[in-house]
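This report concerns only the one structure given below.
The values are calculated or read from the model by the stated rules, or taken from the named source; none is laboratory data. The model shown is predicted, which means the values in this text are computed figures rather than measured ones. Cβ sites come from the backbone with ideal geometry, for glycine too, and all protein chains shown count toward neighbours.
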Amino acid sequence: MSARLEGELLEVSMGPQHPSTHGVFRMNVALDGEIVVKLKPVFGYLHRNHEQIGERTSYLGTMPYTDRLDYFNSMSNNWGYALAVEKLAGVEVPERAQYLRVILAELSRLQNHASLLGFLLSDMGAWGTPLMYAFREREKVLDLFESLAGSRMMCDYMRFGGCRVDADAAWMERAKKIVYDFPRFLDEFEELILENEIVIARTQHVGRVSAELAISAGITGPMLRASGVNYDLRKVDGYGFYPRFKFRIPLGEHGDTYDRLMMRVLEMRESIDILKQAFEAITPGPITNPKVKVRGFRPPAGECYGRIEGPKGELGFYLISDGTGTPYRYHVRAPSFINLTILEDMCLGHTVADVMVILGSIDIVMGEVDR
Amino acid sequence: MSEGVDEGLRSELQKQGVWVTSMQELYNWGRKNSIWPLQFGLACCAIEMIATAASRYDLARFGGEVFRPSPRQADLMIVAGTVTKKMAPQVVRLYNQMPDPKYVIAMGACAISGGPFKQGYNVLKGIDRYIPVDVYIPGCPPRPEALLHAFMELQRKIDEQKLTGAGKAEFLKPQQPSEFPVPAFGAHDLQPPSNPDVFRPPHLERA
Amino acid sequence: MESLEQIKSRIEAAIAGASVTIVPNPGPANQPSLLIDNEHAFAAVQFLRDDAELRLDYCSSVTGVDWLDRTVKKTVKVKEIVDGVEKEIDRAEEEKIPGYLEAVYHLYSTVRKHGPVIVRMRTTDRLDGAHLPSMTPLYRSAEFQEREIYDLYGVTFEGHPDLRRILMWDEFEDHPMRKDYVQPDDFEYEPTPHDEVLERAKEHYSERPTIDGAEPVSTQP
């Protein structure tokens, strides 16, 4: 049969209330039968005016707000913001604080990637079970955050030129135990899920992104590296103490959903390596820079763009200071938001059921997308 | 608790192996132990809501694990997170689509009052401007235990609802609206900015 | 990477008529930027992207900035004749800088692993018709970010394939990130108001009917 039945396109509004849109994301999808022919994302359902509030608040006052950007990774967000302000004001960070930052950022990468795997498999129809396993591991890391910073999710931990509280020896021991135990979860998870025939059928050759398109679209993080582009800010910028650690950057070959899924698993193993080295290298010492004023902190006039490799991609903060206590302009370069740029290109020609899987593999958090 | 049955007689009968109950008690017992929440997360609090439903906190112990993606099958709306002005009409519409009896938990500072984002131009200063709320949980985000507490409070509230008489539950009164007007997108703000039938801001005496 | 002066002279050599100014950034961050005139900005950024040395293939961040009308106070030396003698004296002068909207692009290279080269463009005024050339045909990553600037700052990007509001609803008329935006007044109930918010909340307190619960609130602000 070569003749095709020509019918009307079916327009579906997926979201903002949808079990698999990771919050309040919405897509206006046009379907030809089951095949996606057009997809327009609609944003703004969680636009909380983060940037404007940041321009009204003191530099330090914005720190707790950054927790609520990507609410899975408050530690990484804190670091990104602290890094940008430290660059703006020319602040040095003591050694122990640098190690603590690496440890906490890598711990949040672990729990972010673990949760992502759970959510992604939920989107694929493995409803509940993988998420339960992932959240079991996540809770362990959250316990660490809680005993250190006082809060499970909104840690508000980093300060300009250091960290807020020090981790004691008992905390380090607990963290070590969790990190050394973590590969067991990964082995179990890989065995249980990643060799599963259905997972492979649902993810391989789905939502392919070429390296050229990924770079042009500003894709960053595991999603860019799944397309085979070796660009990890921990290596490129070498911020913090990352140049002191030995770790590899996993790269994908096909840029499909399966590669993006595997990227997270492999990155978790590298994070564990970094953590093990950090536990060995960390030495006692001060965790704050005494030269930094907590009250009345005023960076000199100027501007600065600081970025870190967050678990979701390049998290950048652009600050313009006019010499007063509040930034003149405060802009967040959110990886989740920009990684969505080519969602339509990825979904075209796939079935509507694949849209959820592709979206899940991008790893978005609405707090960061809409800010 | 039960109307008309003497507690002493009831306990006496129970010793004899006769269990006496009332329609209301049975009905409320069934309702409160199978509350189906709407699977609907808005922001950060939704992650804690998921954590509550996941392995460690296990909302299933209280009969609330059946998260329904469709409002038509849900009894409880957990407003978990910041309600923006762009999202508010959708939240009200979802509430309207839920069948009676329906309950609302405002989870977190944002859902209660706008929370830390209260001064944002696109943030609704509390979901209770448009729909009635049964239980408020403060916190940013509230811990899973706090959500469990709210859930138990809601169960208590359901258990105390009367089916007959002057003090019968609101949802049984035919004149009580179960749907509320959906705000429209205006040129500068939502129209209307709040529903005066629902929202009565407390009066504060202040110098 | 080459210095910004070299990049500037190479752009000016490659694109006839392009006017490139280096905007200094004196702070410790030391990230000066290139201000390119709107007419040649597209060609200049294309040159930056395709040049074999620079290969700035990755546009990381696009930011809108609103600069209000400013007056800058400075002292200028002027020659004046005082008591028949020509003297050089300092006189305080105020220079009025009219407001403009700005788009800032942070360009990096994934191949050469260098950057950022910061490119700025400025509109001529802050009126409704403020427009800039769109970089979306060069970098897909600018697509949503330019839409965001259009939404929140009201800059029209010419050449953008799909310029619509992105964060606010379509019926919304204001540009809320502009510095002179006035929020809708819905602070009537504020448990712990202070400063500016207290002033705004107070206006509502007097309008409120007498005691809570006695009579329903009939008028909402």
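Structure notes:
- A:VAL141 being aliphatic (A, V, I, L, M) and more than 30 Å from A:ASP259 (Cα to Cα): no
- Filter result for A:VAL37 (modelled with pLDDT of 90 or more and outside any helix (DSSP H, G or I)): yes
- Verdict on C:ALA41 being in the same structural domain as C:LEU152 (by TED's automatic domain parsing), without any contact (Cβ under 8 Å) to a residue 60 or more places away in the chain and of a type in the set (A, V, I, L, M): no
- Flag for A:LEU117 being among the aliphatic types (A, V, I, L, M), closer than 30 Å to A:VAL37 by Cα and touching a residue at least 40 places away in the same chain (Cβ under 8 Å): yes
- Exactly one residue among C:HIS131, C:HIS106 is touching a strand residue (DSSP E or B) at 6+ places or on another chain (Cβ under 6 Å) and within 12 Å of chain A (Cβ to nearest Cβ), and that residue is C:HIS106.
- Taking the listed residues A:ALA201, A:ALA167, the one that is more than 14 Å from chain C (Cβ to nearest Cβ) and in a loop (DSSP other than H, G, I, E, B) is A:ALA167, with no other qualifying.
- Residues in the stretch C:122-143 that are of a type in the set (A, V, I, L, M, F, W, C) and crowded, with 24+ Cβ neighbours inside 10 Å: C:LEU132, C:MET135, C:ALA142.
This table checks each residue for (1) within 12 Å of another protein chain (Cβ to nearest Cβ); (2) touching a residue at least 24 places away in the same chain (Cβ under 8 Å); (3) closer than 22 Å to A:SER76 by Cα.
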{"position": "A:PRO286", "(1), (2), (3)": "no, yes, yes"}
{"position": "A:ASN289", "(1), (2), (3)": "no, yes, yes"}
{"position": "A:ALA301", "(1), (2), (3)": "yes, no, no"}
{"position": "A:GLU309", "(1), (2), (3)": "no, yes, yes"}
{"position": "A:GLY313", "(1), (2), (3)": "yes, yes, yes"}
{"position": "A:TYR318", "(1), (2), (3)": "yes, yes, yes"}
{"position": "A:GLY323", "(1), (2), (3)": "yes, yes, no"}
{"position": "A:TYR330", "(1), (2), (3)": "yes, yes, yes"}
{"position": "A:ALA334", "(1), (2), (3)": "yes, yes, yes"}
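- Entirely in the stretch A:271-371, the helices (runs of 4 or more DSSP H) that have 2 or more residues that are closer than 25 Å to B:TYR121 by Cα and touching a Phe, Trp or Tyr at 6+ places or on another chain (Cβ under 8 Å): A:335-339, A:366-369
- Subset of the stretch A:206-223 [closer than 20 Å to A:VAL36 by Cβ and in a loop (DSSP other than H, G, I, E, B)]: A:VAL206, A:GLY207, A:ARG208, A:VAL209, A:SER210, A:ALA217, A:ILE219
- Remark: pairs (first residue in the stretch C:89-107, closer than 30 Å to C:ARG140 by Cα; second residue surrounded by fewer than 21 Cβ atoms within 10 Å (Cβ to Cβ) and aromatic (Phe, Trp, Tyr); Cβ separation under 7 Å; 6+ apart in sequence or on different chains) = C:GLY99/C:TRP67; C:TYR100/C:TRP67; C:GLU102/C:TRP67.
- Yes/no for B:ALA51 being in contact with a helix residue (DSSP H, G or I) (Cβ under 8 Å, 6 or more places away or on another chain), loosely packed, with under 15 Cβ neighbours inside 10 Å and within 30 Å of B:ALA146 (Cα to Cα): no
- Whichever residue in the stretch B:106-136 is of a type in the set (A, V, I, L, M), surrounded by 24 or more Cβ atoms within 10 Å (Cβ to Cβ) and not in a loop (DSSP other than H, G, I, E, B) and, among such residues, is nearest to the other protein chains (Cβ to nearest Cβ): B:VAL123
- Identity of the residue in the stretch A:298-325, of a type in the set (Val, Ile, Thr) and modelled with pLDDT of 90 or more, that ends up surrounded by the most Cβ atoms within 10 Å (Cβ to Cβ): A:ILE308
- Within the stretch C:59-139, strands (runs of 3 or more DSSP E) holding 2 or more residues that are over 18 Å from the mean Cα position of the chain (by Cα) and farther than 27 Å from A:LEU224 by Cβ: C:70-82, C:85-97
- Residue check, C:GLU158 out of contact with any Asp or Glu (no Cβ under 9 Å at 6 or more places or on another chain), surrounded by 11 or more Cβ atoms within 10 Å (Cβ to Cβ), farther than 30 Å from B:PRO192 by Cα and not aliphatic (A, V, I, L, M): yes
- Neighbours by Cβ (under 9 Å, 6+ apart or cross-chain): first from the stretch B:56-84, within 24 Å of A:ARG48 (Cβ to Cβ) and facing chain A (nearest Cβ under 9 Å); second small (Gly, Ala, Ser) and in a strand (DSSP E or B): B:GLY81/B:GLY41
Conditions (1) crowded, with 24+ Cβ neighbours inside 10 Å; (2) touching a strand residue (DSSP E or B) at 6+ places or on another chain (Cβ under 7 Å); (3) not aliphatic (A, V, I, L, M), marked per residue:
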{"site": "A:ALA105", "(1), (2), (3)": "yes, no, no"}
{"site": "A:SER108", "(1), (2), (3)": "yes, no, yes"}
{"site": "A:ALA114", "(1), (2), (3)": "yes, no, no"}
{"site": "A:LEU121", "(1), (2), (3)": "yes, no, no"}
{"site": "A:TRP127", "(1), (2), (3)": "no, no, yes"}
{"site": "A:MET132", "(1), (2), (3)": "no, no, no"}
{"site": "A:ASP143", "(1), (2), (3)": "no, no, yes"}
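- Residue count for the stretch C:25-48, restricted to those that are under 16 Å from the mean Cα position of the chain (by Cα) and more than 23 Å from C:TYR139 (Cα to Cα): 1.
- Selection within the stretch A:204-227 - of a type in the set (D, E, K, R) and either under 19 Å from A:ILE249 (Cα atoms) or within 13 Å of chain C (Cβ to nearest Cβ) (or both): A:GLU212, A:ARG225
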